[in-house]
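One structure is given below, encoded as structure tokens.
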Amino acid sequence: MKLLYMGDVVGRSGRDVVIGRLAEIRDRLSPDFIVMNGENAAHGFGITPRICDEFLAAGIDVVTLGNHSWDQREIMPYMDGQPRLLRPLNYPAGTPGRGIGVFAAPRGRKVAVIQVMGRLFMDPLDCPFAALERELARLPLGPGGADAIILDVHAEASSEKMALAQVAAGRVSLVVGSHSHVPTADAQILPGGTAYQTDAGMCGDYDSVIGMKKDAAIFKFVRKIPGERLSPAEAAGTLCGVFVETDDRSGRATRVAPLRLGGRLAEAWP
Ligand SMILES: [Fe+2]
Ligand SMILES: [Fe+2]
């Protein structure tokens, strides 16, 4: 199966490059299943029901979120009725929405998507390792389970992402990081057949501070008084993603490569 994951979409620049390049991506890569992180899609902060509907209508199969899940409060009631929008699994019991879903893919195949959130340099949450173990224990990869499993690790620290990936290695098809908004150059297949990249990178304007306008972001570091609210940089976005091919019999990855299109970063086709 061919899987595509696209990192955090930041504001209009990110939305435009994703929606604008999707037809070409379909032509050249023929992905069977597309996951995208949408936690910064609504002017940098969260996602609205309208924006989520647009992505799903454009052919994105699943949208994941992260620490910005709740920035647009109207998403909470929407989330309970939209299984294709996932928030991190390890929020406390009773949190709106869900952190895992199993979805139909072409030719009768099933793809599971899970998102967990890290705790290093982030808000305290339930243990992502324990939450992941509980789900993987009842969801085997391969015959009798899911044909592919995609794990989105939304975390600040590369060490925590890599540790979660090593724990999941051999049990999922892809572990991909989100949240840091910068693509890492470590795409690889871990022992056991799990594709991995520490961070997919954002889809947004890279002439910025992780997608936000430079001046206000720098002010926040330099001055310790309230400044202008952060808002997304608005020049052409670069789409950053990870492309994976899996063996349909085992669900394990056979190939992984980054995808980068448009904007300022060097183009890369898998
Ligand atoms: Fe983000
Ligand atoms: Fe985040």
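Quick note: the coordinates plus some simple rules give every number you see, no bench work behind them. In this text, all values refer to a predicted model and were calculated from it rather than measured experimentally. We place every Cβ from the backbone using ideal geometry, glycine too, and count neighbours over all the protein chains shown.
With the helix formula -39500 (n - 2.57) applied to DSSP H stretches of n ≥ 4, the chain reaches a computed 222 nm mean residue ellipticity of -7000 deg cm²/dmol. Amide H contacts of residue 209: 214, each under 5 Å away and 5 or more positions distant or on a separate chain (H built 1.01 Å from N in the peptide plane; Pro and chain starts excluded). Taking amide hydrogens as placed 1.01 Å from N in the peptide plane, the amide H of residue 259 sits under 5 Å from those of 241, 242, 243, each at least 5 positions away in sequence or on another chain.
For the chain, the average shadow cast by the Cα convex hull is 13.4 nm², which is a quarter of the hull's surface.
Evaluating 6.51 cos²θ - 1.76 cosθ + 1.60 at θ = phi - 60° for every residue in the stretch 255-260, the Karplus couplings come out as 7, 9, 7, x, 10, 9 Hz, glycine and proline recorded as x.
Output the antiparallel fraction of DSSP beta bridges having both residues in the stretch 2-261, as a percent to the nearest 5.
For the stretch 2-261, the DSSP antiparallel bridge percentage is about 50.
In loop segments of the stretch 98-158 as defined by DSSP, the trypsin sites (Lys or Arg not before Pro) with at most 10 further C-beta atoms inside 10 Å of their C-beta are 107, 138. May I ask for the net charge around residue 56, where only other residues with Cβ less than 12 Å from the Cβ of residue 56 are counted and Lys, Arg are +1 while Asp, Glu are -1? With Lys, Arg at +1 and Asp, Glu at -1, the net is -1.
The label-point distance for residue 80 and residue 138, in a model that sets each label 7 Å from Cα toward Cβ, rounds to 2.1 nm. On the basis of the beta-carbon distance and an R0 of 51 Å, residue 215 and residue 57 show a calculated FRET efficiency of 0.90.
Could you grab the relative contact order for the stretch 2-261? Cα pairs under 8 Å, six or more apart, rounded to a whole percent. Don't skip to the answer; put the middle values down first.
Numbers: 656 pairs, mean separation 53.5, N = 260.
Relative contact order here is 21 percent.
Extending 7 Å from Cα along the Cβ direction at residue 127 and again at residue 26 yields two label points whose distance is 4.4 nm.
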